[in-house]
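Participant: The structure's right below; bear with me while I get my questions together.
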Amino acid sequence: MGRVLGALGGMALACVLAAHAGGDAAAEVAEDVVAPVTMDSFVRVRGTHFVLEGKPYRFAGANFWYGAYLGAPGERGDRARLVAELDQLSAAGIDNLRVLAMSEASGFKRGVRPAIMTAPGQYDEELLQGIDFLLDEMGKRDMKAVLYLNNFWQWSGGMSQYVSWSTGEPVSMHDPDQTGDWNGFMQNSARFYAFPGAQALYRDAITTVITRTNTINGKRYVDDPTVMSWQLANEPRPGSDADGHPNFPVFKQWVHETAGYIRGLAPKQLVSTGSEGAWGTLRSDELFYEAHDTPNVDYLTFHLWPSNWNWMDHHDPAARLASGTVQAMDYIDRHIGLANRMGKPIVLSEFGLDRDKGAYAPAAGTEARDAFYRAVYDRVYERAKVGDAIAGSNFWAWGGRGRTPHADAMWKSGDPFTGDPPQEAQGLFSLFDGDVSTLRIVSAHARAIRALE
Ligand code: IFL
């Protein structure tokens, strides 16, 4: 359906999709002109750019960490919500979604429940079917998926849970939501890179997902052009800034070997790390560069978190908006410079800011956030326009119609999902379905970046 829909504008696209979902005559026509899957159908790297169907591929995307959870069958997921939100995203011009594709059952206070890996080497088939459904629906809308296969942070179990399985130590010993010790948590999470048992289990998880055949459409994941890229993890770090330096060599080796392993399984698709950039690599541009300077990593990623990094204030993002934006622009420029130097594309695969006055409610204003999104998109566009290595962005995060039922806004098992994972207040960085002004900014950027030659 790709080439046919590619020529249509946003609203027309939404109409065609609505018809397609209904299975009427319009859908039959669309089915008749399905383009054959060739290597051109996969996003590939050419120099510092992506190409798709012989043309540059530049995108405006979203983070949708729980997309696969919504895709699970029956009561386990919420397929009606997922379909409606994919339609809304697609109509807004968002064609690239970054999604969690593996989670591990853990005792973390703020870990997501249920998990895809229920015990070492055991998987919840219905949650895996959630990935199937998501990919199938994304494919119908010409969307591309970036799937991450692990997490440095606690909210999906992640690396710390593999450490726990290897050592027998309960994760509660290092749970930052209980101890408040983030450095201790990070150092413990980074032990993951060096444990052979943890690596064997992680590779089992990688293999389980990547070699899967989609139960909805019969496609092998490795043959599905909907998958643009596999990411090693969400925000993998060598350890804490204070104590992580000795871990750097093993971290770098892990990047190289894991990326190579994934490439061997999925040679038609791309491999990226999921890194935050220099901020997550011991605050060093050069170490970030060094960790990614392997032919097994196809492109670079970086993240931008001005309030988390204290360049702006969580409780009043307007207060230091101007100075924080200057720092943010510098961070963007430096990373594009590193990518130009390495000769690979780079993607800003997370950025976000709080609502006005740090509120969580969808009704609260987004003036500062809108200004920040605009500044980020303008810089991405300007740099892409002159041929620099920046290829796309994914805002953090799509909250859609998710709403917290709790006064403290903290997630509890069974609650609807929002863009904010369970360790954070629901609404902190979410872009909700009714955030009209922000969505308008995203859409305008999507149109502009796609129109670049
Ligand atoms: O929720 C966080 C997520 O774990 C991430 N980066 C920053 C987000 C907002 O704090 O990957």
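Participant: Excluding same-chain residues fewer than 8 positions from residue 344, which lysines have a Cα within less than 30 Å of its Cα?
Facilitator: Here the lysines satisfying the reach criterion relative to residue 344 are 55, 140, 144, 219, 252, 268, 385.
Participant: Accessible surface of residue 224 in the full protein assembly, 1.4 angstrom probe, to the nearest 10 Å²?
Facilitator: The value for residue 224 is about 0 Å².
Participant: For the peptides 390-397, 79-86, 68-75, 276-283, what is the packing order when you average, over each peptide's residues, the other Cβ atoms within 10 Å and list the highest mean first?
Facilitator: Those peptides, ordered most packed to least, come out 390-397, 276-283, 68-75, 79-86.
Participant: Does the range 125-261 come out rounded, prolate or oblate, given a ≥ b ≥ c as the square roots of the eigenvalues of its C-alpha gyration tensor, rounded meaning a/c under 1.5 and, failing that, prolate meaning a/b above b/c?
Facilitator: prolate
Participant: How big is the range 196-331 along each principal axis, measuring the range of its Cα positions in Å and listing the largest first?
Facilitator: 52, 37, 25
Participant: Then there's this: Restricting the count to DSSP beta bridges whose residues both fall in the chain, what percent are antiparallel, rounded to a multiple of 5?
Facilitator: 20
Participant: Another question, then. Which FRET efficiency value, to the nearest 0.05, do you get for residue 447 and residue 293 by plugging their Cβ-Cβ distance into 1/(1 + (r/R0)^6) with R0 = 30 Å?
Facilitator: 0.30
Participant: If DNA, RNA and ligands are ignored and the probe is 1.4 Å, what is the ranking of 206, 441 by accessible area, most exposed first?
Facilitator: Result of the area sort, largest leading: 441, 206.
Participant: To the nearest 500 deg cm²/dmol, what mean residue ellipticity at 222 nm is calculated for the chain from DSSP H runs of n ≥ 4 alone, each contributing -39,500 (n - 2.57), summed and divided by the residues?
Facilitator: Helix-only estimate at 222 nm: -12000 deg cm²/dmol.
Participant: Relative contact order of the range 263-349, please, whole-number percent, based on alpha carbon pairs below 8 angstrom and at least 6 residues apart.
Facilitator: Relative contact order, the range 263-349: 30 percent.
Participant: So for the chain, averaging the separation of alpha carbon pairs under 8 Å that are six or more residues apart and normalising by length, what relative contact order in percent results?
Facilitator: With pairs under 8 Å counted, the relative contact order is 16 percent.
Participant: Another question, if that's okay. If you count only protein heavy atoms and use a 1.4 Å probe, how large is the accessible surface of residue 307, to the nearest 10 Å²?
Facilitator: Rounded to the nearest 10, the figure is 10 Å².
Participant: Also, I was wondering about something else. Which value, in Å² rounded to 10, gives the accessible area of residue 118 with a 1.4 Å probe and all protein chains present?
Facilitator: 70
Participant: So what are the range 305-440's ellipsoid semi-axes, whole angstrom, largest first, if each one is the square root of 5 times an eigenvalue of the alpha-carbon gyration tensor?
Facilitator: 28, 16, 13
Participant: Report the extension gain between residue 126 and residue 55 in nm, rounded to one decimal, defined as 0.36 nm multiplied by the number of residues separating them, less their alpha carbon distance.
Facilitator: Full extension of this stretch gives 21.9 nm more.
Participant: Could I ask something else about it? Under 17 Å from a point placed 7 Å out from the Cα of residue 169 along the Cα-to-Cβ direction: which residues of the range 236-256 have their backbone N that close?
Facilitator: 238-247
Participant: Where the accessible area of the range 158-217 is counted over protein heavy atoms with a 1.4 Å probe, how much of it, in %, is carbon and sulfur?
Facilitator: 54
Participant: Which of the three applies to the chain, rounded, prolate or oblate, going by the alpha-carbon gyration tensor with a ≥ b ≥ c and a/c under 1.5 meaning rounded?
Facilitator: rounded
The values are calculated or read from the model by the stated rules, or taken from the named source; none is laboratory data. Computed from a prediction, not measured in an experiment: that's the story for all the values here. Positions of Cβ are backbone-derived with ideal geometry, glycine not excepted, and every protein chain shown enters the neighbour counts. Protein only, heavy atoms only, side chains kept; ligands, DNA and RNA dropped before computing areas. Shrake-Rupley method; radii C 1.70, N 1.55, O 1.52, S 1.80 Å.
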